[in-house]
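Undergrad: Provided herewith is a single structure, encoded as structure tokens, for subsequent inquiry.
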Amino acid sequence: MVSKQVILIVDDTPDNISLLSGLLKEQYKIKIATSGVKALQIAAQQPAPDLILLDVMMPEMDGYETCRRLKSDLLTVDIPVIFLTAKNQAQDEEKGLLLGAVDYISKPISPSIVMARVATQLNLIRIQHLLRNQNKYLESLVQDRTSKLGKMQDAIIMAMASLGEVRDNETANHICRTQNYVMVLARQLSQHPRFKHELCNENIELLFKSAPLHDIGKVGIPDKILLKQGKLTADEFEIMKQHTAYGRETILSVERYLGESNNFLRFAREITYSHHEKWDGSGYPQGISGDAIPISARLMAVADVYDALITEREYEPAFEHQAAVSIMRDARNSHFDPDVLDAFLQVADKFEVIAKSYREPLLTSIESVAITESSSYVD
């Protein structure tokens, strides 16, 4: 059974209350207030009335003041008010409407007009409630589908990243470690004057999601080079360097397909292409230096090198955490942006916790490029 809508009648004259109650009680639930003060009290109670019929000329607090207070209170501001009054000058009606009333009916009233205008306002309320509920449902539906789409996108990203890592005998744990390192480092730098414009919360989340793609270009490197035991020759290493260009081209192809880019794809492109660049310009593929290296790539460089140093291989023991930190400290201002490296030193203990959380068994693979490259400044 559908409950009746509630109308609050506010009038200090018993005959007017009796007339309106008799007219409306068959279709609506009626509440009565004989003063503005009492009307405010009833209107603030839950459930609130659906509509207020308000007289103007009342002692102590007239209808205009009562309406003003109703519209200034968050609990009652949305309750529609119709003035019913003998004050029928144009300026009186204008004043009432400016105070927020939805209608203004002059006394003596016409029962049919009152019924019609009350029904109109209550029908509008029903429609507004239906639209509000529908909007809430649509919002929840969009949120649910957005969440599912986000999870699907994350799964695709991880699958793509794992494809590159598996060919290089890396593991999903390497991906999880490095993306968490990047997030911790980005948060540490988010208030730094040099980086806060780029490292807002939204961008940090995108960096976290794009970091796993840093070595996706290795899928384009021949197995005889990617999986070679021992040190690469100079020519082989030149081919290996191309994985950065292959990764960048992969992201560019996605952008071309979409016909546009966004921050996620930009970060992914920067990381894949530039995470082997060094602060002093001795890295690759472009040999750029300093602030010419994208911030995202500078963060990834720290994450990737740290993980290479602390990862154990059957052919090479891992460095202990403190030893790895010491090695990286020595590369401040040469391999690493000094401010980024300083931030790393401040959160190095968190890196260690992440490494332990995503610990993995001894790998039985041949030497990885990450470890080979780290040895260039270990010596």
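Undergrad: Each label point is 7 Å from the Cα along the Cα-to-Cβ direction; what then is the distance between the points at ILE127 and LEU232, in nm?
TA: Distance between the two pseudo-spin positions: 6.8 nm.
Undergrad: Go ahead and run the numbers for FRET between ASP291 and CYS200, Cβ-Cβ distance against an R0 of 22 Å, rounding to 0.05.
TA: Given R0 = 22 Å and the Cβ-Cβ separation, E is 0.70.
Undergrad: With a Cα-only, solvent-free Debye model of the chain, what are the log10 I(q)/I(0) values at q = 0.06, 0.07, 0.12, 0.15 Å⁻¹?
TA: These q points yield log10 I(q)/I(0) values of -0.48, -0.55, -0.82, -1.22.
Undergrad: If you don't mind, another one. Applying a 10 Å radius around every beta-carbon, put 196-203, 125-132 in order of their mean neighbour count, most first. Walk me through the numbers before you get to the answer.
TA: On the way: 196-203: 13.8, 125-132: 11.2.
Listed from highest to lowest mean packing, they are 196-203, 125-132.
Undergrad: State whether the stretch 1-136 is rounded, prolate or oblate according to the following rule on the C-alpha gyration tensor (a ≥ b ≥ c being the square roots of its eigenvalues): a/c under 1.5 gives rounded; otherwise a/b larger than b/c gives prolate, and the remaining case gives oblate. Intermediate values should be presented prior to the final figure.
TA: Details: a/c = 1.44, a/b = 1.27, b/c = 1.14.
Because its axes are fairly even, with a/c under 1.5, the stretch 1-136 counts as rounded.
Undergrad: Using a 1.4 Å probe on the protein chains only, how many percent of the accessible area of the chain belongs to carbon and sulfur?
TA: Details: 10310 of 19460 Å².
Ligands and nucleic acids excluded, carbon and sulfur reach 53 percent.
Undergrad: Per residue, what accessible area does the chain have, given a 1.4 Å probe and all protein chains present, in Å²?
TA: Result: 51 Å² per residue.
Undergrad: Still on this model: Taking the dipole about the Cα centre of the stretch 218-355, with the C-beta of Lys and Arg at +1 and of Asp and Glu at -1, give me whichever of ALA245, PHE264, ALA308 is farthest to the positive side.
TA: Looking along the dipole axis, the top candidate is ALA245.
Undergrad: Moving to a separate point now. Take GLN89 and ASP144, extend 7 Å from each Cα along the Cα→Cβ direction, and tell me the distance between the two endpoints in nm.
TA: My value for the distance between the label points is 5.9 nm.
Undergrad: At q = 0.19 Å⁻¹, what is the log10 ratio I(q)/I(0) for the stretch 204-318, with the Debye formula run over Cα points and no solvent?
TA: Values returned for q = 0.19 Å⁻¹ are -1.10.
Undergrad: Which aspartates and glutamates have a Cα less than 14 Å from the Cα of LYS209, not counting those fewer than 8 places away in the same chain?
TA: ASP154, GLU270
Undergrad: Let a ≥ b ≥ c be the square roots of the eigenvalues of the Cα gyration tensor of the stretch 15-73; is it rounded (a/c under 1.5), or, if not, prolate (a/b larger than b/c) or oblate?
TA: On the way: a/c = 2.28, a/b = 1.29, b/c = 1.76.
Oblate is the answer for the stretch 15-73, as a/c is 1.5 or above yet b/c matches or exceeds a/b.
Undergrad: Related question: Take the residue pairs LYS38/LYS107; LYS196/LYS356; LYS278/LYS356; LYS196/LYS350; LYS4/LYS87 and return only those whose Cα atoms are more than 25 Å apart. Don't jump to the answer; show the numbers that get you there.
TA: Numbers: LYS38/LYS107 22 Å; LYS196/LYS356 29 Å; LYS278/LYS356 27 Å; LYS196/LYS350 21 Å; LYS4/LYS87 31 Å.
Beyond 25 Å between Cα atoms: LYS196/LYS356; LYS278/LYS356; LYS4/LYS87.
Undergrad: Towards the positive end of the charge dipole of the chain, with charges on Cβ (+1 Lys, Arg; -1 Asp, Glu), say which of PRO59, PRO47, GLN346 has the farthest Cα.
TA: After comparing all options, I get PRO59.
The values are calculated or read from the model by the stated rules, or taken from the named source; none is laboratory data. Just so we're clear, the structure is a prediction, and the values are computed from it rather than from any experiment. Here the Cβ is made from the backbone with ideal geometry for all residues, glycine too, and neighbour counts use every protein chain on show. Heavy atoms of the whole protein, side chains included, go into the accessibility calculation; ligands, DNA and RNA do not. Shrake-Rupley method; radii C 1.70, N 1.55, O 1.52, S 1.80 Å.
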